[in-house]
Every structure is written in structure tokens, then in C-alpha cells.
Amino acid sequence: MTEHKVEIAIRPDGPAGAEILGFRPLYQQVKANFVRRLVDGSWAPGMALPSESQLASEIGVSQGTVRKALDELAAENLLVRRQGRGTFVAEHDEQRILFRFFKLMSDDGIARFPDSKVLDGTCGPADAAERTALNLQAQEAVIRIRRIRSLGGKPLVLETVSLPAHVFPGLENGPVPNNLYSLFATRYGITIANARERLKAVALTPDQAEHLRVAAGTPALEIDRIALSLDGSAVERRLSLCLTEEAHYQSDLR
């Protein structure tokens, strides 16, 4: 049973400080407190959380309320429940990224994580599209990373990643790992929680086609993604040009 909507204040001596009062179901207020701990780094990727009973005692709510808040965070892939071991902060490991953020799959149906080759990394003023996507002001700088992503040794994706320079200082100087989201979490304390994507059919320009080893004008799937951190901030724009002759975009609707 959902507890009544009431205003509460989480005790300020907890790791995340006092919770802002709000007229919401109690478990949602507890969930918001837990999200703050993820945002401020009190709960780091891979960390084992205290037991439900410990959290309930600390906050001053029932164990069932804590469990419901944790269950929602697990359903959103922010926490991981491990039978007999407890609850852990999710990490951006390859398996998790493969099924949640990399949606291209070979037509043979086998899910594979792509290899990556960085073409270049630069830092400069954001263009109009980047400013809009990342909520930047005029003349704010972005880091741009261009890379080729391959499956089975065959180039599949030409990708341009744009990042606010003030959020990821020095990233353009490399090295740039295959799994960027793991780097964001471990080096910069930024966890990617959600993403919005727009898909469009395009024809490759001569320069784009050369990188992907196909003819100019070859059809491609353009994926324009904006990745959001735990606090809802847009922290990455990723523009991917994908060949789909032997692969497809797969999205599981739930």
C-alpha cells in the first residue's frame, strides 16, 4: 500500500542533507533523497548500499517505503539488486551500455559491443546545434571527439561526441576509452541516467563515406542523441551516422 501524501523533512544529518519538503507520496520523497546521494557522489558507482532497515532507520520511514524507492531506482537502471549480496550503485559496464545505450545490432541477432577508433579530439566554441542541445551560452566551449565504431572489424558508425568543456575539462587530450560513460562516472562523477534520440534517414557526404569505406551518397541512419545526467542536465550530444545494410536499430518498448 502506498503511504499517504505528506510533507516530510529527511533528517539533515544524513549523507545527502535535508530533503526539500514537497506534497508527494512518501516513497517518492525518499527516492529523491537517494537520487541526491547519487548526484553528489555520496553513493558512487559500484558502491554497496546500507541495508533497507539501516536506511529506513536513518531516514525515519518504514522499510517498505525504502524498498519501494530502491525498486524504482533499480527499474531505472541506477541501482542493481544482487541476490544474497544486497543493492549496489549501477556502473556503466559494457553489458549495461550494450543493451541500454547502444541500439545497433547485427542482422544475425547477436548483440556485440563495438570497437572504437578515435579520429580526433578538439576543443572550441559550440555551434548553434550544440548550444541548443547542451543549453550553452554563446562562445561557451565544447569538446568534440570524432571516432569510428566497428563491429567485427567492419566500420559501422561515424560518431561525433560534443561535451561541455567546463563539465569535462581536459577530456580532449585523451586517451579516450571505448566506454565513455564509464569514464564520465569514474573521472568526472557524471552518471548518464537517460537519453533522448531522434532518428533520420540521410545520404553520406563524400568525407563521411570515406571514413566508413562506402560510396558517397550511401544511405545511413542518423541518430542524434542528447544524454542527461542524474539531475536532468544535458551533458552530451552524440551525432552518429550508421550503416544499416547488415545491422538494424533495435528498441525494446516496455
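Odds and ends about this structure:
- Candidate set from the range 220-254 (those that are more than 15 Å from the chain's Cα centre (by Cα) and β-branched (Val, Ile, Thr)); member that is farthest from Ile110 (Cα to Cα): Ile223
- When Leu158, Leu199, Leu163, Leu221 are screened for being among the aliphatic types (A, V, I, L, M), touching a helix residue (DSSP H, G or I) at 6+ places or on another chain (Cβ under 6 Å), outside any helix (DSSP H, G or I) and modelled with pLDDT of 90 or more, only Leu158 passes.
- Where Asn194 falls short, out of the listed (1) closer than 20 Å to Ser106 by Cβ; (2) outside any loop (DSSP other than H, G, I, E, B): (1)
- Selected residue (criterion: surrounded by the most Cβ atoms within 10 Å (Cβ to Cβ)) from residues of the range 124-174 that are out of contact with any strand residue (DSSP E or B) (no Cβ under 7 Å at 6 or more places or on another chain) and within 21 Å of Ala195 (Cα to Cα): Arg131
- Within the range 197-216, residues that are open to solvent by 80 Å² or more (accessible area, probe 1.4 Å) have Cβ atoms under 9 Å from residues that are assigned to a strand (DSSP E or B) and β-branched (Val, Ile, Thr) in these pairs: Arg198/Ile223; Arg198/Ile226; Leu199/Ile223; Lys200/Ile223, counting only partners at least 6 apart in sequence or on another chain.
- Residue check, Gly121 within 20 Å of Val167 (Cα to Cα) and open to solvent by 20 Å² or more (accessible area, probe 1.4 Å): yes
- Inter-residue pairs, beta-carbon under 6 Å, first at pLDDT 90 or above and in the range 228-254, second part of a strand (DSSP E or B) and of a type in the set (Asp, Glu), 6+ apart: Leu239/Asp224; Ser240/Glu159; Leu241/Glu222
- Odd one out for Arg100 among (1) closer than 23 Å to Arg196 by Cα; (2) over 18 Å from the mean Cα position of the chain (by Cα); (3) at pLDDT below 95; (4) not hydrophobic (A, V, I, L, M, F, W, C): (2)
- Qualifying residue in the range 62-84 (condition: modelled with pLDDT of 85 or more, buried (at least 19 other Cβ atoms within 10 Å of the Cβ) and part of a strand (DSSP E or B)): yes
This table checks each residue for (1) in contact with a Pro (Cβ under 8 Å, 6 or more places away or on another chain); (2) closer than 23 Å to Asp127 by Cα.
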{"position": "Asn173", "(1), (2)": "no, yes"}
{"position": "Arg196", "(1), (2)": "no, yes"}
{"position": "Ala203", "(1), (2)": "yes, yes"}
{"position": "Pro206", "(1), (2)": "no, yes"}
{"position": "Glu210", "(1), (2)": "no, no"}
{"position": "Glu245", "(1), (2)": "no, no"}
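- Residues satisfying the stated conditions in the range 231-248, i.e. surrounded by fewer than 20 Cβ atoms within 10 Å (Cβ to Cβ), assigned to a loop (DSSP other than H, G, I, E, B) and not acidic (Asp, Glu): Gly232, Ser233, Thr244
The values are calculated or read from the model by the stated rules, or taken from the named source; none is laboratory data. All figures in this text were calculated on a predicted structure; none of them were measured in a lab. Virtual Cβ from ideal backbone geometry, glycine too; neighbours counted across all protein chains shown. Note: areas computed on protein heavy atoms with side chains; ligands, DNA, RNA excluded. Shrake-Rupley method; radii C 1.70, N 1.55, O 1.52, S 1.80 Å.
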